[in-house]
Amino acid sequence: MKFVLSTSFSTVAHLTQLAPVADRCGWHAMSFSDHVVNPERINNPYPYTEDGSRRWQPFTDWPDPWVTIGALAAITENLRFTNNIFVLPMRNPFLVAKAISTAAIISNNRVTPAFGVGWSEDEFSLLQQDFRSRGKRTDEMLEIMRLLWTGEMVEYHGEHYDFERLEMNPAPSERIPFWIGGISKPAMRRAARLADGWVTDLQTSAEIINSIGQIHAWRREYGRDGEPFEIMATPSDAWDVDGYRRLQDAGVTHILTMPWAFYHGETEDVQLKQDGIQRFADDVIARFA
C-alpha cells in the first residue's frame, strides 16, 4: 500500500513547507484538487453531498496544480504528484498536454495525472467549454494527449477535435500514466477502458470494494485484465492499519488522506500539519514498508 498526501483546501503558502517533510518521511505522492473559480452561487448542485452543498468555504485556496507541481518537484527528490481530480474537459487539450509534459520533465517523471469530467457547469461556461459534451470530449482529449506526448508528428480527426500533422515538444522521456476519477458508471467504465488506474470519492470501504469488482469486470470485457491497474481510495470508514489492509486485499494500491486531521483536527498551523505528516508516517506508513 502506498500513501498519498491530500492538500485539498490547504493554504498554498504551506505547500512548500509540507512537501519536503512528506518526501523525507516516505509518503509516495502529494495530490491536488482543482477549481479555477468558486462562484458565489452555483446553478447545479455539488454531486458528492446529500444536500448539494460544497465541501469547502468561500475564499479557499485552489492553486493551479501544474504550476504547483513544477515548484514542488524542484524541492523534492522522490515524492510523486497526482490529482483528486483535474477537470480535463473544461480545458484545451493542447495546453493541458503541454503543462503535464513539462511537469513530467521537470520532476524526472514523477507525475501521474488523474482526470475527471467535472460537475460545475458554471466553470465550464466561464472557461468557454461545452458542458454537455464533456464525457465524449474527455475520451478524445485522452487520445490526443497520448499522441502529443510522443513528441512525433501526429494528426487527429475526431468528432470534437480535428487537426493536421504537428508535433509538441519537449516530450516526456517516459510514458505518462494517468488515472480517471469518478463514481458514476461512465467514469468507472472510462477508467476500465482507457486509464492506468481509478480514483474514488470519499466512500465507505464496502462501496469502494464493490466498485473495484465492477471495474475489473469491465476490464475483462475490454481485454485489459492482464495490464497493471492502480486504485487510489479515500475511505470514510478506514483510518488504521487493519482497515487499510482490508482495502489492500481488495485491490486498493494507494490511500489518499489528510494526516494532520487524525492528530490535530482541522488546523491552519503549518507546524501541526508537518507533525501530522511525520506521525502518520511513523504510525501507519512504516507498517507497510
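What follows draws every value from the coordinates through simple rules; no lab data is involved. Every value quoted in this text rests on a predicted model; they were computed, and no experiment measured them. Note that we place each Cβ from the backbone using ideal geometry, even for glycine, and neighbour counts take in every protein chain shown.
Overview of results
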{"item": "The lone exception for ASP242 - which of (1) more than 30 Å from GLN57 (Cβ to Cβ); (2) of a type in the set (D, E, K, R); (3) buried (at least 16 other Cβ atoms within 10 Å of the Cβ) it fails", "result": "(3)"}
{"item": "Residue match in the range 102-110 (condition: part of a loop (DSSP other than H, G, I, E, B), surrounded by fewer than 15 Cβ atoms within 10 Å (Cβ to Cβ), on the phi > 0 side of the Ramachandran plot and of a type outside the set (Phe, Trp, Tyr))", "result": "yes"}
{"item": "When residues of the range 1-40 are limited to those that are β-branched (Val, Ile, Thr) and assigned to a loop (DSSP other than H, G, I, E, B), the one farthest from LEU79 (Cα to Cα)", "result": "VAL37"}
{"item": "Selection status of GLU140, surrounded by fewer than 16 Cβ atoms within 10 Å (Cβ to Cβ) and more than 23 Å from ASN38 (Cβ to Cβ)", "result": "no"}
{"item": "Considering residues of the range 247-260 that are assigned to a helix (DSSP H, G or I) and touching a Ser or Thr at 6+ places or on another chain (Cβ under 8 Å) only, the residue surrounded by the most Cβ atoms within 10 Å (Cβ to Cβ)", "result": "TRP260"}
{"item": "Scan of the range 11-56 for residues that are polar (S, T, N, Q) and either within 14 Å of THR82 (Cα to Cα) or touching a residue at least 24 places away in the same chain (Cβ under 8 Å) (or both), ordered by number", "result": "THR11, THR16, GLN17, SER31, SER33, ASN38, ASN43, ASN44"}
{"item": "Tally of residues being surrounded by fewer than 15 Cβ atoms within 10 Å (Cβ to Cβ), among the polar types (S, T, N, Q) and either in a helix (DSSP H, G or I) or touching a Phe, Trp or Tyr at 6+ places or on another chain (Cβ under 7 Å) (or both) across the range 111-137", "result": "1"}
{"item": "Test: residue in the range 112-123 that is closer than 22 Å to ALA29 by Cβ and of a type in the set (Asp, Glu)", "result": "no"}
{"item": "Filter result for LEU142 (in contact with a helix residue (DSSP H, G or I) (Cβ under 6 Å, 6 or more places away or on another chain), without any contact (Cβ under 8 Å) to a residue 60 or more places away in the chain and not hydroxyl-bearing (Ser, Thr, Tyr))", "result": "yes"}
